[in-house]
1. Among the residues of the stretch 195-213, are any open to solvent by 30 Å² or more (accessible area, probe 1.4 Å), under 29 Å from Leu317 (Cβ atoms) and assigned by TED's automatic domain parsing to the domain that holds Leu370?
2. Can you pull out every residue in the stretch 302-318 that is free of Cβ contacts under 8 Å to residues at least 60 places away in the same chain and out of contact with any strand residue (DSSP E or B) (no Cβ under 8 Å at 6 or more places or on another chain)?
3. Given the conditions (1) at pLDDT below 95; (2) surrounded by 14 or more Cβ atoms within 10 Å (Cβ to Cβ); (3) out of contact with any Leu (no Cβ under 9 Å at 6 or more places or on another chain), which single one is not true for Thr162?
4. Look through Ala392, Ala371 and report the one residue that is assigned by TED's automatic domain parsing to the domain that holds Lys23, open to solvent by less than 20 Å² (accessible area, probe 1.4 Å) and within 16 Å of the ligand (Cβ to nearest atom).
5. Please go through the stretch 376-398 and give me each residue that is in contact with a Ser or Thr (Cβ under 6 Å, 6 or more places away or on another chain) and among the polar types (S, T, N, Q), ordered by number.
6. Which residue pairs have Cβ atoms closer than 7 Å, lie 6 or more positions apart in sequence or on different chains, and pair a first residue in the stretch 419-431 that is outside any helix (DSSP H, G or I) with a second residue that is open to solvent by 60 Å² or more (accessible area, probe 1.4 Å) and not hydroxyl-bearing (Ser, Thr, Tyr)?
7. Given the residues Val292, Val268, which is the only one that is away from the ligand (no atom under 16 Å from the Cβ), among the β-branched types (Val, Ile, Thr) and crowded, with 21+ Cβ neighbours inside 10 Å?
8. Got a sec? Which of Ser416, Ser367, Ser399 is touching a helix residue (DSSP H, G or I) at 6+ places or on another chain (Cβ under 6 Å) and more than 17 Å from Val292 (Cβ to Cβ)?
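The values are calculated or read from the model by the stated rules, or taken from the named source; none is laboratory data. Bear in mind the structure is a predicted one, so any value in this text is a computation, not a measurement. Glycine also receives a Cβ, built like all others from the backbone with ideal geometry; neighbour counts cover every protein chain displayed. When the accessible area is computed, the model is the full protein with side chains, heavy atoms only, and any ligands, DNA or RNA have been set aside. Shrake-Rupley method; radii C 1.70, N 1.55, O 1.52, S 1.80 Å.
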Amino acid sequence: MTTSFDFFNYLDNELYCEDVKVKDIIEKVGTPAYIYSKNSILEHFIEIRNAFEDVSPLICFSVKSNSNLSICKVLADAGAGFDVVSGGELFRVLELGVSPDKIVFAGVGKTSEEIKYALENDIFMFNVESPAELANIDRIAGGLNKRGRVALRINPDIDAKTHDKTTTGKKENKFGIDFDSAGQLIKDIDNYKNIDLKGLHVHLGSPIYSPDPYVQSLEKMYKFLQESLEDNARKRIEYINIGGGYCISYTGENVKKPHDFAAEIIPVIKKLGCKVIMEPGRFIVGNSGLLVTGVTYVKTATWGKKFIVCDAAMNDLARPSLYDAFHRAWPVNTDVMMPEIELPGADRSANDRLELVDIVGPVCESSDVLAEKRWFPDVKEGGLIAFFSAGAYGFTMSSTYNTRPRTCEILVDCDSFSTIRRRETYEDLITGEKEFLDAS
Ligand SMILES: *Cc1c(COP(=O)(O)O)cnc(C)c1O
């Protein structure tokens, strides 16, 4: 029985990640646990690189989607650059020994400390999100006797048709600079003595299921370059950074693939005539990871509602409670076929092997529901459930809310697996507080 998640399949009623039984991993490391497929990560990286190879992009993996050092190393070894959004993320990739000329830095609120840290390490480019930030980079670069290489992040006022909380390119969103302000900045760019303007940047949100918003925003950029800039200013726009946002399938349905996006986007890029930077995150790691949880209790109310209470919670996988995200779930061991496609709200009452359940965590919040109203096979206490598509914005969004140690992370490579982050201990959780007890 195959799933739509290429590197995660059932064989003889057992879920495998590549050639390893998920159950064997869990016997060793316990639950909950994030489990990633190394070859899925590599294959998705190569797929997006190949799709866009006509324009030879620098692919900067979005570190916030999955910032584990070992995962970033897999991608660095494959030739990826990195898109960071904080000093902490920059620290991670510098620790790995990533070449600074493959690092770009976005974010509306880069602090002076973060800017200084990035300049001292000679990163490739800042994606600048306001005139005030540009002035700050200029000032700090001057003090350090460095050049600040920048792209202006444009807010093109395009609706990427994604969740309200994950859209970033509409004019009311906090991100980027509107075209008129950008035009003025470019006109005045020589006033910023320590700045090298290298390009323009745009990131519209995530996940985006159609190439149209990319094309529309790049067409707007083209028009801007042609109509609003003088020839000498236009020449400085050497790079166009088209951001991330490429969708993955969370349901098993077919969604657009990188080559579908590339077919529409590449012609506009060629018209722009710039070198290309891309910042995919979710597409590379999203369907390359699972969150596996143990079933702690099963309870059924007298009026019929059934809850599966598991040991993973909203602090481990925040997306369902944060933006109503849909993650497929299925038992790790079951003789009931996982449906190839599962849509939110689908009715499977006709299948007498399935029951309607809510899969919930132990956190003291009613929003701690990982999967709501799902038709699910019978699972017993002590059983295991896999949440699919959890490789992006899974562990990186996890917290220790309710003083819950964060999970371990495991990387599978063919028939072997290794821990790439140990499970936190109770001691870890009070480190940094304990030393102050005696003093107070
Ligand atoms: C989050 C982010 C990305 C990555 O988005 P994905 O949907 O994971 O591809 C890229 N660029 C910027 C600036 C981001 O903030």
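1. Here is the first cut: in the stretch 195-213, the ones open to solvent by 30 Å² or more (accessible area, probe 1.4 Å) are 196, 198, 203, 209-210, 212.
Keeping just the survivors that are under 29 Å from Leu317 (Cβ atoms) gives 203, 209-210.
So of that shortlist, the ones also assigned by TED's automatic domain parsing to the domain that holds Leu370 come out as none.
Looking through the stretch 195-213, none of the residues is open to solvent by 30 Å² or more (accessible area, probe 1.4 Å), under 29 Å from Leu317 (Cβ atoms) and assigned by TED's automatic domain parsing to the domain that holds Leu370.
2. Just the residues of the stretch 302-318 that are free of Cβ contacts under 8 Å to residues at least 60 places away in the same chain, to begin with: 302-307, 309.
Thr302, Trp303, Gly304 - these are the residues of the stretch 302-318 that are free of Cβ contacts under 8 Å to residues at least 60 places away in the same chain and out of contact with any strand residue (DSSP E or B) (no Cβ under 8 Å at 6 or more places or on another chain).
3. Failed condition: (3).
4. Working: Ala371 fails: within 16 Å of the ligand (Cβ to nearest atom).
Criteria check complete, one pass: Ala392.
5. Once the filter is applied, which keeps residues that are in contact with a Ser or Thr (Cβ under 6 Å, 6 or more places away or on another chain) and among the polar types (S, T, N, Q), the stretch 376-398 yields only Thr396.
6. Final answer for the pair search is Glu424/Arg406.
7. Numbers: Val268 fails: crowded, with 21+ Cβ neighbours inside 10 Å.
The unique qualifying residue is Val292.
8. On the way: Ser416 fails: touching a helix residue (DSSP H, G or I) at 6+ places or on another chain (Cβ under 6 Å); Ser399 fails: touching a helix residue (DSSP H, G or I) at 6+ places or on another chain (Cβ under 6 Å).
Being touching a helix residue (DSSP H, G or I) at 6+ places or on another chain (Cβ under 6 Å) and more than 17 Å from Val292 (Cβ to Cβ) holds for just one of Ser416, Ser367, Ser399, which is Ser367.
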